[in-house]
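Notes for the one structure printed next.
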Amino acid sequence: MNIKSIDKIVAETHNISTYHKIPILDGLELLNAKKHTIDFPFHTHNNFNITLILNQTFYTKLNDKFLTAPIGTISITNPNEVHATPCDSKLGNSFFTFYVAPDVLKTLNKGHDVFFEDKIIYDHNLVNRLHYLSEHFNHPALNLEKALLSVLEQLVSRYASSMYFSDQKTVLFQDFISENLSEKFSLTDTAKRFGLDKYKFLRLFKHETGLTPNNYILLQRIENCKKLLTKETDLMEVAIKTGFYDVAHLSRHFKRFTGVTPSEYKRA
């Protein structure tokens, strides 16, 4: 067997991920990633990422930390917390993520905001319960909402702290995003617009958002794309409306940020 054939087999057996949108708990979403080899760039989510580590050590980069989650642990990122996930480029990482709306955990915490200071949870009982749900979430005999709420209540009571946590964006950056989201981004031109050199603009932007302007724009475009995918059927139209050159350009970046293609996300 030649090298080309081996590469083809690896490509066919890696990055086999499925995405599921379930109409419970303010819009529960699930990502079942198997042997995922594509790094997730720095980005944020509006919800809690509660990830069950199934194989290979799972790494998370935060602005000030580099975290390691062994097999059989739970990795958590809070809403709007900037993070990246490098994956094993050869073996791939397998994990199952529950994307849970903040208000769900807030309700379980008696109306108080929830924040997880400890991002890696070592809890055999919780891991087993989440693993069961990850394998049976679509079984008709399982009341997923009731079962997941029970697990989340235990997670919150044991490991969450009550504190205010939110991302803060200046008006300058809010205006920047709204006015430039669908246009081709120029760092030099944008910096000049605000009377700054490009290096200072980069530092200020990253300080406020935790992301580079390019990643910030891509992330916002992907979020807009998700909304359009619930209505539009033409992927080319979605791509153009959200500032991408074509379907291939959209699909490449969509998978980098979500783990699945736009078509797979739409079918979920």
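Do you know which residues across region 238-261 are assigned to a helix (DSSP H, G or I) and among the β-branched types (V, I, T)?
Just the residues of region 238-261 that are assigned to a helix (DSSP H, G or I), to begin with: 238-241, 247-258.
Listed by number, the residues that qualify are V238, I240, V247, T258.
Return the residue satisfying two criteria in turn: it lies in region 126-137 and is of a type outside the set (F, W, Y) and in contact with a helix residue (DSSP H, G or I) (Cβ under 8 Å, 6 or more places away or on another chain), and of such residues it is most open to solvent (accessible area, probe 1.4 Å). Explain how you work it out, then say what you get.
First pass over region 126-137, keeping only residues of a type outside the set (F, W, Y): 126-131, 133-136.
From what is left, the residues that are in contact with a helix residue (DSSP H, G or I) (Cβ under 8 Å, 6 or more places away or on another chain) are 126, 129-130, 133.
Working: L126: 1, R129: 72, L130: 5, L133: 5 Å².
Looking at the filtered set, the residue picked out is R129.
Pick out the one residue from L229, L235 that is modelled with pLDDT of 90 or more and open to solvent by less than 20 Å² (accessible area, probe 1.4 Å). Please lay out each step first, then the result.
Working: L235 fails: open to solvent by less than 20 Å² (accessible area, probe 1.4 Å).
None of the other options fit; the residue is L229.
If you check L52 against the conditions, is it among the aliphatic types (A, V, I, L, M) and open to solvent by 50 Å² or more (accessible area, probe 1.4 Å)? I'd like the intermediate steps shown before the answer.
Values: among the aliphatic types (A, V, I, L, M): yes; open to solvent by 50 Å² or more (accessible area, probe 1.4 Å): no.
So L52 fails the test.
Looking only at region 47-68, decide whether some residue is part of a helix (DSSP H, G or I), closer than 24 Å to Q220 by Cβ and not acidic (D, E).
At the first step, the residues of region 47-68 found to be part of a helix (DSSP H, G or I) are none.
No.
Do we find that T60 is at pLDDT 95 or above and under 14 Å from the mean Cα position of the chain (by Cα) in this structure? It would help to see each step written out before you state the result.
Values: at pLDDT 95 or above: yes; under 14 Å from the mean Cα position of the chain (by Cα): yes.
Taking the combined requirement at face value, the residue satisfies it.
Okay, residues lined up against (1) under 26 Å from H207 (Cα atoms); (2) open to solvent by 20 Å² or more (accessible area, probe 1.4 Å); (3) among the aliphatic types (A, V, I, L, M):
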position	(1), (2), (3)
H45	yes, yes, no
L67	yes, yes, yes
I76	yes, no, yes
N93	no, no, no
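The values are calculated or read from the model by the stated rules, or taken from the named source; none is laboratory data. Please read these numbers as outputs of a predicted model, since none were measured by experiment. Cβ sites come from the backbone with ideal geometry, for glycine too, and all protein chains shown count toward neighbours. When the accessible area is computed, the model is the full protein with side chains, heavy atoms only, and any ligands, DNA or RNA have been set aside. Shrake-Rupley method; radii C 1.70, N 1.55, O 1.52, S 1.80 Å.
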